[in-house]
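Student: What follows is a structure written as structure tokens; I'll ask about it next.
The values are calculated or read from the model by the stated rules, or taken from the named source; none is laboratory data. Since the model is a prediction, treat every value here as computed from it, not as a measurement. Every residue, glycine among them, receives a Cβ derived from its backbone with ideal geometry; neighbour counts consider all protein chains shown.
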Amino acid sequence: MENFIQENQYIGKQILIDSDRLVFNGRDDSIFSSQNGFLFKTKGEFHINTKKDSFINTNKIYIGPVIDGKDPNIPAVKSDELKLMLGILIDELIGFFTVQYPQTSGLQGPNPAVNKALAQNLINRLIGIKNNYLGTNSPIESKNVFIR
């Protein structure tokens with residue numbers, strides 16, 4: 001909110017309420033609206049409690065503290081795209097270790113039998129990674145936070 005004017009510096013029509021506690025209770029629902037900015041400010045904790053899902057509809061969302069005047073700037077990872085890219089990479093590595101690696105030379109020349117055994121070990125580990133991390137119910141996917 002680059003143009004937000006603090007309540008103690010605002011000039012114009014406003015309502016100031018100074019109280020130890022304010023309670024607004026809409027029996028059906030509540031709507032708070034503003035044309036240009038909306039600020040919640042506290043020196044303590046901030047809670048949003050709901051028994052159903054929460055939605056924040058915006059072009060961008062920044063989560064984390066402002067450090068040295070800079071907004072959080074580490075992009076979130078889209079798990080579907082990450083899983084697709086890692087799957088392709090793993091498949092290519094499996095292909096290499098299945099076909100090409102057994103034919104490569106060591107210090108004493110080619111030894112396909114040894115290389116094939118070493119490659120099979122790596123292939124098995126890559127398949128395990130692919131099955132454990134890139135399938136459904138992947139541990140790299142958040143169960144609570146979703147982005148688009």
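Student: Kindly provide the set of residues from region 71-90 that are free of Cβ contacts under 8 Å to residues at least 24 places away in the same chain and under 15 Å from N131 (Cα atoms), ordered by number.
Tutor: D80, L84, M85, I88, L89
Student: Name the pairs whose Cβ atoms lie under 8 Å apart, with the first residue in region 110-126 and free of Cβ contacts under 8 Å to residues at least 24 places away in the same chain and among the aliphatic types (A, V, I, L, M), the second assigned to a helix (DSSP H, G or I) and surrounded by 12 or more Cβ atoms within 10 Å (Cβ to Cβ), and 6 or more positions between them or separate chains?
Tutor: L118/Y101; A119/F97; A119/T98; A119/Y101; A119/P102
Student: Are any residues in region 132-148 closer than 21 Å to L93 by Cα and either touching a Lys or Arg at 6+ places or on another chain (Cβ under 7 Å) or surrounded by fewer than 11 Cβ atoms within 10 Å (Cβ to Cβ) (or both), and if so, which ones?
Tutor: L134, G135, S138
Student: Still on this structure: Across region 42-70, which residue is farthest from L134 (Cα to Cα) among those that are charged (D, E, K, R) and modelled with pLDDT under 90? First the steps, then the outcome.
Tutor: Our first condition is that a residue be charged (D, E, K, R); within region 42-70, this holds for 43, 45, 51-53, 60, 68, 70.
Then drop every residue that is not modelled with pLDDT under 90, which leaves 60, 70.
Values: K60: 27, K70: 34 Å.
Step by step, filter region 42-70, then rank; the result is K70.
Student: Here is a further query. Only one of (1) touching a Gly at 6+ places or on another chain (Cβ under 9 Å); (2) exposed (fewer than 10 other Cβ atoms within 10 Å of the Cβ) is not met by D71, so which one is it?
Tutor: Result: D71 passes all but (2).
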